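Data block below; observations after.
The values are calculated or read from the model by the stated rules, or taken from the named source; none is laboratory data. In this text, all values refer to a predicted model and were calculated from it rather than measured experimentally. Note: ideal-geometry Cβ built from the backbone for every residue, glycine included; neighbour counts use all protein chains shown.
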Amino acid sequence: MSAPPIPTAVILRTEHLGRTVKDKTLVQDASFELRKGEVLAITGPSGSGKTSLLRLLNRLDEPTSGTVYVEDVDYRNIEPRELRRKLGLVTQRPFLFPGTVADNLRFGPAQRGQTLSSEGIEQLLSQVGLKDYSGRDVANLSGGEAQRVSLARTLANSPLALLLDEPTSALDEAAKHEVESAIQKVVRDQGLTCVIVTHDVQQAIRLASRALVLDQGRITRAGQAGEVLSA
Amino acid sequence: MLNWFFHSQLQLGLAQALVAALAALTLVLLARGRGIHLEVETLIAMVRGLVQIIAVGSILVILLRAPRWTSGIVLAGMIVAAGATSARRAKGIPDAFRVSAWAIAFGAGSVIALMTSLGVIDTAITTLIPIGSMLIANAMNTNGLALNRFRADVLAHSGEIETALALGAEARSSVSPYVQASFEASLIPAIDSLRSLGIVWIPGLMAGMMLSGARPVYAAIYQFVVLAMIFAASGLTSLVSTTLIRGRVFSPAEQLLLQPGR
């Protein structure tokens, strides 16, 4: 008889999280938790509140009800800059800053007065399959390369968890495959906790261990990704 | 030609105003052809401007006999009105009126106070109010340009700003490039006015001084003095307003409040 798996620490827990703007409910009563090393997919039709929920998780928007606990601390008690470093967000469009790839990777640590070493930059770039890209101007990158730089830039902040907002939805098939592979490699190698918003059910099954399905801002299904998304 | 038909000064003035308004309305029609609708805003602005200037002209006649300190009250009223007018260019930014009023009060007010105390501006109501109003009006325009550009840049770059926030940047520093750009853009008219002085345009103040008997060289030098004061007042106003407004687009939890479609 095999021993039961040892439960890992809860990294992120939401309690009745909600946001209503001008009488429009974007997210309603969302309660779930995420343990260390888990990958959670949030899926649902367009306008179901997936991105709104993700933005609440790192407090880019303010909840109008409920809250989020990060390692058991109510995130309203965490300084916003520190919270956002801990919960690293990768957006749908990469929004790289003008300059080189290395400049972009140095941005996050520089906000805390730290300097990212050349070795650190090369290590991050090889994790996302962009070895020797550090001196390249970001203006000359393809969509897939830019999104992988965006992922490496977020990882440069050594986040507790990654929040990925439709990271491949603006890419063609080849670039989508590159970015997805980079995400898989990072999650597998580092055991990173991750929340990925995607409307692509197959991608959610490939990447995530658990899944939530949203509809009109409410969680309608939750559980193991294979079961929830195959239903 | 108009003076062939109108013999009283009031009738002539109204006819001249009508012709000038028609020229402005031609622009409105041209803009309409391009799908830009300025009709209502322009019409209201013209009628309002005409009524206001006639009212102020009438008040100035009364003020000519008033004590000098009353000019301080008039200028303060102008600053409040200028703040309200230019704050409209910052739709959606909380506190825009307060920021504008403080910026214009500091920018134009400090230049007026300094120049009056040094004797560059005469304290007589007939000098202080017209010159003070020129500084306030130009500070208002510069402030409106700065706020309008800042608002447009923040809306156009909300993705970049939120990316910086998400990477742990301080809210105020995440909008620094747009603060800088709006400050620089707002000063373009003032710099161009100084640069083209005497070549592209001969301002009304100089023409008026010469008509009332001042020596042309003194009138020219004083016109430069006024434009340099306008530049200083406008620059200080823009500096203060862009410094104050940068924090107003964020919530206390460093969330970007000004976003497209909100």
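A few comments on the model shown:
- Test: residue in region B:70-82 that is closer than 24 Å to B:PHE250 by Cα, at pLDDT below 95 and of a type in the set (Gly, Ala, Ser): no
- Restricting attention to region A:140-162, the residues that are farther than 12 Å from A:GLN127 by Cα and away from chain B (no Cβ under 14 Å) add up to 6.
- Pair list, Cβ < 8 Å and 6+ apart or interchain, from region A:55-81 residues that are over 21 Å from B:PHE250 (Cα atoms) to residues that are of a type outside the set (Asp, Glu) and assigned to a loop (DSSP other than H, G, I, E, B): A:VAL70/A:ILE78; A:VAL70/A:LEU160; A:GLU71/A:ALA9; A:GLU71/A:LEU160
- Taken together, the residues in region A:83-140 that are of a type in the set (A, V, I, L, M) and under 30 Å from A:GLU62 (Cα atoms) amount to 7.
Rundown of residues vs (1) polar (S, T, N, Q); (2) more than 14 Å from chain A (Cβ to nearest Cβ); (3) touching a residue at least 60 places away in the same chain (Cβ under 8 Å), yes/no style:
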| site | (1), (2), (3) |
| --- | --- |
| B:SER212 | yes, yes, no |
| B:ALA220 | no, yes, no |
| B:GLN223 | yes, yes, no |
| B:VAL226 | no, yes, yes |
| B:GLY235 | no, yes, yes |
| B:SER238 | yes, yes, yes |
| B:THR242 | yes, yes, yes |
| B:SER251 | yes, no, no |
| B:GLY261 | no, no, no |
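- Here A:LEU17 meets each of (1) under 23 Å from A:THR168 (Cα atoms); (2) modelled with pLDDT of 95 or more with one exception, condition (1).
- Cross-chain or 6+ apart pairs with Cβ under 6 Å, region B:63-85 first and farther than 23 Å from B:GLY49 by Cβ, then loosely packed, with under 13 Cβ neighbours inside 10 Å: B:ARG68/B:THR123
- Residue match in region A:42-51 (condition: outside any helix (DSSP H, G or I), within 14 Å of chain B (Cβ to nearest Cβ) and either touching a residue at least 60 places away in the same chain (Cβ under 8 Å) or out of contact with any helix residue (DSSP H, G or I) (no Cβ under 6 Å at 6 or more places or on another chain) (or both)): yes
- Yes/no for B:LEU155 being farther than 30 Å from B:ILE53 by Cβ, in contact (Cβ under 8 Å) with a residue 12 or more places away in the chain and in contact with a Gly (Cβ under 9 Å, 6 or more places away or on another chain): yes
- Of the residues making up region B:50-67, just one is surrounded by 11 or more Cβ atoms within 10 Å (Cβ to Cβ) and of a type outside the set (A, V, I, L, M, F, W, C), namely B:GLN52.
- Filter pass, B:ILE161 being within 24 Å of A:LEU60 (Cα to Cα), surrounded by 15 or more Cβ atoms within 10 Å (Cβ to Cβ) and not basic (Lys, Arg): yes
- In region A:66-80, the residues that are crowded, with 22+ Cβ neighbours inside 10 Å and not in a strand (DSSP E or B): A:TYR75, A:PRO80
- Counted residues, region A:8-35 - those being within 14 Å of chain B (Cβ to nearest Cβ), among the basic types (Lys, Arg) and either more than 16 Å from A:ASN58 (Cα to Cα) or touching a Phe, Trp or Tyr at 6+ places or on another chain (Cβ under 9 Å) (or both): 2
- Selection within region B:96-120 - at pLDDT 90 or above and over 18 Å from the mean Cα position of the chain (by Cα): B:ALA113, B:LEU114, B:MET115, B:THR116, B:SER117, B:LEU118
- Residue within region B:155-169 that is part of a helix (DSSP H, G or I), over 21 Å from the mean Cα position of the chain (by Cα) and more than 14 Å from every other protein chain (Cβ to nearest Cβ) present: yes
- Top-ranked residue in region A:94-121 [being more than 20 Å from the chain's Cα centre (by Cα) and small (Gly, Ala, Ser); ranked as surrounded by the most Cβ atoms within 10 Å (Cβ to Cβ)]: A:ALA102
- Once region A:56-65 is narrowed to residues that are at pLDDT 95 or above and outside any helix (DSSP H, G or I), the residue that is farthest from the other protein chains (Cβ to nearest Cβ) is A:SER65.
- Within the set B:PRO189, B:PRO177, B:PRO203, the sole residue that is over 17 Å from B:LEU257 (Cβ atoms), free of Cβ contacts under 8 Å to residues at least 60 places away in the same chain and within 14 Å of chain A (Cβ to nearest Cβ) turns out to be B:PRO177.
- Any hit, region B:130-147, residues being modelled with pLDDT under 95, not polar (S, T, N, Q) and not in a helix (DSSP H, G or I): no
- From the list A:LEU124, A:LEU89, A:LEU83, the lone residue that is surrounded by 15 or more Cβ atoms within 10 Å (Cβ to Cβ), assigned to a helix (DSSP H, G or I) and within 10 Å of chain B (Cβ to nearest Cβ) is A:LEU83.
- Criterion (more than 11 Å from every other protein chain (Cβ to nearest Cβ), within 16 Å of B:ALA164 (Cβ to Cβ) and of a type outside the set (D, E, K, R)) met by exactly one of A:GLY108, A:GLY99: A:GLY99
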